[in-house]
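Please read the structure below before turning to the comments.
The values are calculated or read from the model by the stated rules, or taken from the named source; none is laboratory data. Keep in mind the model is a prediction, meaning the values are calculated, not measured. Don't worry about glycine lacking a Cβ; one is built from the backbone with ideal geometry, like all the others, and counts go over all protein chains shown. Calculation scope for accessible area: heavy atoms of the full protein, side chains included, ligands and nucleic acids excluded. Shrake-Rupley method; radii C 1.70, N 1.55, O 1.52, S 1.80 Å.
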Amino acid sequence: GIDFGGSNPFGIIWIQRLNYEIDVTGANGVDRRLREGTMVVFDEIYKAEIAPSALCDLVLQRISYWRSFFPTFRVNKFFYDVQAKGARLEWAHHQPPIILVNYATKDVQLHISYMKGLFEDNKFWFNVSRCPMTCQEFESWHYPDQRTAMVDSPDVPVKDFDHAVDATRYG
């Protein structure tokens, strides 16, 4: 999932959907079994003030890093924020190119509902050591306080410090 930035950070996260159960040790040292269909956010890039082409290089380096451990590693699809047409075109013309797809709606409430279901079913997990900013953002993600003459929608979380969260929603 990709949330393009600029002055704000680019939030890029990698999600693996498990095709079978696996045993893991959590950050708290407790062993647990993750079920088939569980989504695991296992890596991130979180960086501001970088050109989209330089970021594309970082993404390709990260893919090479994972391929060094898992030779058949591949990214099936890159999902992104549709607002970033310039960055999308730059990535498409990069050598090698990265082609982005977007099947997600901009319906934040729908995304939240889907993700909430995954959390409630214990089917959404983070690698906290490799995704510190994603974890920080999820911990601080919140709805606005109710007040008279609100500018923010009370049904949508505050649009602040949410770049990795948005990337996760797109993914």
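Within segment 1-49, the only residue that satisfies the criterion of being open to solvent by less than 90 Å² (accessible area, probe 1.4 Å), within 16 Å of residue 73 (Cα to Cα) and assigned to a loop (DSSP other than H, G, I, E, B) is 18. Checking the structure you have, find out if any residue of segment 65-72 is modelled with pLDDT of 95 or more, in contact with a strand residue (DSSP E or B) (Cβ under 9 Å, 6 or more places away or on another chain) and either part of a loop (DSSP other than H, G, I, E, B) or of a type outside the set (D, E, K, R) (or both). Among the residues of segment 65-72, at least one is modelled with pLDDT of 95 or more, in contact with a strand residue (DSSP E or B) (Cβ under 9 Å, 6 or more places away or on another chain) and either part of a loop (DSSP other than H, G, I, E, B) or of a type outside the set (D, E, K, R) (or both), which makes the answer yes. From the set of residues in segment 148-171 that are modelled with pLDDT under 90, on the phi < 0 side of the Ramachandran plot and hydrophobic (A, V, I, L, M, F, W, C), which is most open to solvent (accessible area, probe 1.4 Å)? Step by step, filter segment 148-171, then rank; the result is 151. Test residue 26 against the criterion of being of a type in the set (Gly, Ala, Ser), at pLDDT below 90 and more than 28 Å from residue 160 (Cβ to Cβ), and give yes or no. Yes: the conditions hold for residue 26.
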